[in-house]
Structure formats: structure tokens, C-alpha cells
Amino acid sequence: MKGATFTKNETSLITTRLDEVIKWGRKNSLWPLPFGTACCAIEFMGVVSSYFDISRFGAELVRFSPRQSDMIIVAGTINYKLAPVLKRIYDQICEPKYVISMGACACSGGFYDNYATVQGIDQIIPVDVFIPGCPPRPEAILDAIMKMQKRIDREPAPRRGVERRHEITDKFTDSH
Amino acid sequence: MTNPETAKHDAIVDEVRSAFGDALLDVDRSYDDLALVVEKAAVHSVLAHLRDARQCDLLLDIAGVDCMDLPESRTRFELEYILYSIPTDVRVRVRVPVPEDDMDVATATDLWQSANWGEREAYEMFGFNFVGHPCLKRLLTHHEFQGHPLRKDYPVMGGQWCTTTSDMTEDLEERQGGVPK
């Protein structure tokens, strides 16, 4: 998109590839779905608010419906009872979809080394970016979104209706 | 300095001892708290007595203990009812030794409604069978969960994948009809 100039009363023309335009649009308008279950979700609210202002990166339009969002931010502890719910929500997001695992609990179970807590959500859904911290600083979340944008830019643009990855075994029977 | 609670505790111990005799196995008064150790068969009548005669109008919690490998314990499990009396400002615990081969305990749901969820939790975590409970099923863990996770012989990392999302509709319907209003 570089080098384009717009002059008054003059027709401008930009030549590029369709993939590049699609990727440019996608990476600068990531609509996040906050799957907040613990204190990380409180920290995420700080990132959305004016001081840190996630809208500088085009990701301020927080949607609470999986049908309307591109990126799920899993912020908090995920236990075994909640695992099928998270999988179902992920399945309901339309392609292309991206996953950020925010904080120690979502990434690895955190300090909950016990029978109740899933030891990392990558056992359930494919994760694009992991954010360490308990909870992470707001800057770390912004950094994760920038990393996600770089990743979208680097990869070939996924087409609608095409599943990106299949390596996660389906543990649940009723997800759709 | 004597604790102001001591006289109240003395009165309760004397009264329970005269009413129930040998069913009161022991009295634990460590840290100025009162715990009555009661025989399993008599627990419901002792709880009812404390509620009606000693005004213990609150059942704060029901706790389970797995005494596995504890040298001083007589039985594998213990149940502990934590009672509080608002009018007399007295806190009483009722401790019940429960052997592993006979985990039937009379329910306290007819005495306090708060016993409902407390007993469900004690059931799912330890496996106590509360006889007469209106709906004795799992409260916190998934309904597909197998075993009792707070038992000492349950593996600490023994997480279980559940295949379905759980639906609360059935629970809510049962709550309408299954619990005393």
C-alpha cells in the first residue's frame, strides 16, 4: 500500500494483490471476543479503556458473540468443566479466527496444579499467541496484538470456509 | 484470663452429655473452640437438639476430612458441621467419625436448608452418602466426573475430560420441586 498519493481532482490508482488487501483489512480490524474467567479479564478491561487504548491497533470493538468476532482472547483459568464450553465458543467463530491465550492460567494452568484445571488451553483449541504473566501488563497485551498482526501479514490469507488447522483432537461430542 | 465463651461451652457440653450420654464420644476444646465428637447414629438428633434447645440457627458449613495416614484418627473420614447461634453468639462444631465401609449419614436438610449444597459438596468430594437428601448429586464438578477428588488416594493431577457442556435447566427444574421451600 506504500507510495499511494491522493491529489485533488485527480483519479488515483493503486495496484496490489487481492490477498494483500484482505490481510491488511483483517489485521487492522481484529474484533476480539473476551473469554474472561478471572483477574486477567479485569486487566483486559484496562487495555480496552482510554489510557492504553487498544483501538490504536484496530482491536477495540469488543464483541460478546462468537459469530461477530475474529479473535478470542482467553483471559483466565479454564477448568475441565468449562473446557467443552470454550471449545464450543471457538467452533462458533467464523474463519478466519485467531486465539490469544492470556496469562499463566490459560497458558499452562498457572499455579493450579490440580485435578480441576486444564493445564494449558492449547490442549483444547489451537493458540496463535501466548502472553505470559499473572496477570500480564497491558503493554504485553498490546504486544501480543502487534505480534498477531505480524503473523496475519506473514501468512497466506486464509479463505472463507477453509479450516486452517486440524491437529487438535476433538475431545468433545457436542461442539458445533 | 478466662474466655467469656467458656461458661457457655460448659453449659452446652453438660446438656448434650446428659441428653445423649455415650453418644457424645469426646469433647475437643482446643484454641477455646468447642467441638463435640458425636457417634454417627446420633448425629441428626444432636444437631436437632442444638438447633432447637441451644438456638443454633445457622449451619455455616459442612466440612469433610480424609484422615488417611493420620495416626491419631480412629476412622478413615470425619464430617464436621459448623454451627452458629445468633441469639447467644456461640459457635459449636459437631464432629462425626465416619468409617470407610459405612458412609451413610442422616441428612440435615430437614433442619437447615443450607445443608443442601454443603452435603452435595461433601458427597462429591469425599463420597459421603447422606440418607434422605432431596437431590444428592454433584455440585461443583462436571456431572460426568468419576470418583471423589478430595480423597487422599485420588491423584492430585487426575483431571477428567468431559465430553458435553453441562446444562443447568435440569437443576433449576429440580430446585423448584425437590427442595423444601
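No lab work stands behind these numbers, since they all come straight from the coordinates. Because the structure is predicted, anything quoted here is derived from the model rather than measured. For neighbour counting, all protein chains shown are included, and Cβ atoms are generated from backbone atoms with ideal geometry for every residue, glycine included.
Take each residue in B:154-165, count the other chain C-beta atoms within 10 Å of its C-beta, and the mean is 6. Rounded to the nearest 0.05, the FRET efficiency derived from the C-beta distance between B:Tyr84 and B:Ser18 at R0 = 22 Å is 0.45. For the protein assembly as shown, the alpha-carbon coordinates run over 104, 46, 42 Å along the three principal axes, in decreasing order.
Placing a label point 7 Å from the Cα of A:Glu95 along the Cα-to-Cβ direction, the residues of the stretch A:63-77 whose backbone N falls under 16 Å from that point are A:70-71.
On the principal axes of its alpha carbon atoms, the stretch A:37-152 extends 40, 29, 23 Å, with the longest extent given first. Taking every DSSP beta bridge that has both ends in the stretch B:17-125, the antiparallel portion is near 85%. Averaging 1/r over every pair of different alpha carbons in the stretch A:102-143 and inverting the result gives a Kirkwood radius of 10.6 Å.
For a test of the definition: using alpha carbon positions, the gyration tensor, and the 1.5 limit on a/c, classify the stretch A:59-104 as rounded, prolate or oblate. Here the stretch A:59-104 falls in the oblate category.
Between A:Ser49 and A:Cys134, what FRET efficiency follows from the Cβ-Cβ distance if R0 is 30 Å, with the result rounded to 0.05? Step by step, r from the Cβ atoms, then E = 0.90. The H on the amide N of A:Tyr98, modeled in the peptide plane, is under 5 Å from the matching H of A:Met71, A:Ile72, each at least 5 residues off or on a different chain. Along the Cα-to-C-beta direction of B:Ser114, a point sits 7 Å from the Cα; which residues of the stretch B:18-44 have their amide N less than 13 Å from that point? Within reach of a label on B:Ser114, which here means backbone N under 13 Å from a point 7 Å along Cα→Cβ, the stretch B:18-44 contributes nothing. Sites listed here are trypsin sites (Lys or Arg not before Pro) in the stretch B:65-104 whose DSSP assignment is loop and whose Cβ has at most 12 other Cβ atoms within 10 Å: B:Arg74.
Summarising the overall dimensions of chain B from its C-alpha atoms, the Rg and Dmax are 17.8, 59 angstrom.
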